[in-house]
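Colleague: Please find one structure pasted underneath; my questions will follow.
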């Protein structure tokens with residue numbers, strides 16, 4: 001099995017994707033909105049509460065920007081693939097129901113020795129005006145596909161905070177969280193099939209990395225942006241360890257003006273999202 005490096009930089013044909021109010025509500029519940037108290041996040045979990053207008057969690061942008069279909073990256077065992085990094089820039093708040101036109105491309109295949117890191121970028125625009133809505137960048141790590149003699153790729157700096165976090169938020173996750181989150185579109189059996197999870201080296205199915213990312217995004221939204229999606233500009237992080245459904249997640253945040261660094265950990269201190277960065281606008285857009 002080998003990865004196809006000729007696909008790097010090849011842009012996909014445009015693909016249109018749409019979503020409904022029900023899709024954004026389901027996503028919000030899938031990343032834990034309302035789990036602590038069903039009445040605290042009604043703008044994200046309901047569409048018919050008197051005096052409350054439905055809004056969309058910013059991290060839904062990652063799902064909205066998925067769908068571009070470029071050339072395949074070659075043959076590999078899908079059980080060896082894990083989500084490694086995720087970032088997005090949100091150029092304007094998303095509507096509860098809407099559509100986008102998406103193009104995507106592989107931006108690099110890097111040799112990490114024990115595996116290959118494949119990076120990609122997707123751009124979602126308004127189908128009518130062409131106005132950019134979302135720029136999403138991600139990376140997947142494919143174990144066993146390294147050692148081909150390629151470059152290791154760029155390494156971004158993330159200075160370790162030298163003080164206690166300015167904010168700490170802990171959210172529970174449900175034992176069936178992965179079964180709920182997968183209804184938003186990610187049907188990877190790693191998150192529901194015990195045999196597939198065992199083949200990948202896990203004792204049981206793990207939580208989607210993007211579900212953990214969504215829990216983290218909620219904490220950042222409420223802590224830094226006053227729960228206002230129009231103030232949320234960008235978010236990035238690296239997935240460093242798996243989460244099992246039912247494990248609580250703690251998000252630690254260090255503020256620096258309109259930007260902040262964050263880290264997400266499990267109850268035992270294991271870091272599950274590292275090198276986190278988020279930017280927010282000082283006022284609504």
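Colleague: Looking at the structure I just gave you, is residue 206 over 29 Å from residue 93 (Cα atoms) and surrounded by 15 or more Cβ atoms within 10 Å (Cβ to Cβ)?
Modeller: The answer is yes for residue 206.
Colleague: In addition: Quick one: count up the residues across the stretch 213-239 that are over 11 Å from the mean Cα position of the chain (by Cα) and outside any loop (DSSP other than H, G, I, E, B).
Modeller: 13
Colleague: Does the stretch 104-140 hold any residues that are under 13 Å from residue 86 (Cβ atoms) and free of Cβ contacts under 8 Å to residues at least 24 places away in the same chain, and which are they?
Modeller: The answer is 120, 121.
Colleague: Okay, next question. Can you tell me which residue among 251, 243 is in contact with a helix residue (DSSP H, G or I) (Cβ under 8 Å, 6 or more places away or on another chain), in a loop (DSSP other than H, G, I, E, B) and surrounded by 19 or more Cβ atoms within 10 Å (Cβ to Cβ)?
Modeller: Just a single option satisfies the conditions, and that option is 243.
Colleague: List the number of the failed condition for residue 143; all other conditions in (1) in contact with a helix residue (DSSP H, G or I) (Cβ under 7 Å, 6 or more places away or on another chain); (2) free of Cβ contacts under 8 Å to residues at least 40 places away in the same chain hold.
Modeller: The single condition residue 143 does not satisfy is (2).
Colleague: Based on what the data block shows, is residue 210 over 20 Å from residue 141 (Cα atoms), assigned to a helix (DSSP H, G or I), in contact with a helix residue (DSSP H, G or I) (Cβ under 8 Å, 6 or more places away or on another chain) and modelled with pLDDT of 95 or more?
Modeller: Taking the combined requirement at face value, the residue does not satisfy it.
Colleague: When the residues of the stretch 264-274 are narrowed to those that are in contact (Cβ under 8 Å) with a residue 60 or more places away in the chain and either crowded, with 19+ Cβ neighbours inside 10 Å or touching a helix residue (DSSP H, G or I) at 6+ places or on another chain (Cβ under 9 Å) (or both), which ends up farthest from residue 238 (Cα to Cα)?
Modeller: The selected residue is 272.
Colleague: Does residue 173 satisfy the condition of being outside any loop (DSSP other than H, G, I, E, B), under 22 Å from residue 278 (Cβ atoms), touching a strand residue (DSSP E or B) at 6+ places or on another chain (Cβ under 8 Å) and at pLDDT 95 or above?
Modeller: Considered against the rule, which asks whether it is outside any loop (DSSP other than H, G, I, E, B), under 22 Å from residue 278 (Cβ atoms), touching a strand residue (DSSP E or B) at 6+ places or on another chain (Cβ under 8 Å) and at pLDDT 95 or above, residue 173 comes out as no.
Colleague: Where residues in the stretch 47-71 are over 20 Å from residue 210 (Cβ atoms), at pLDDT 95 or above and in contact with a helix residue (DSSP H, G or I) (Cβ under 7 Å, 6 or more places away or on another chain), which of them is surrounded by the fewest Cβ atoms within 10 Å (Cβ to Cβ)?
Modeller: Once the filter is applied, the top-ranked residue is 53.
The values are calculated or read from the model by the stated rules, or taken from the named source; none is laboratory data. These numbers were taken from a predicted model, which means no experiment stands behind them. Positions of Cβ are backbone-derived with ideal geometry, glycine not excepted, and every protein chain shown enters the neighbour counts.
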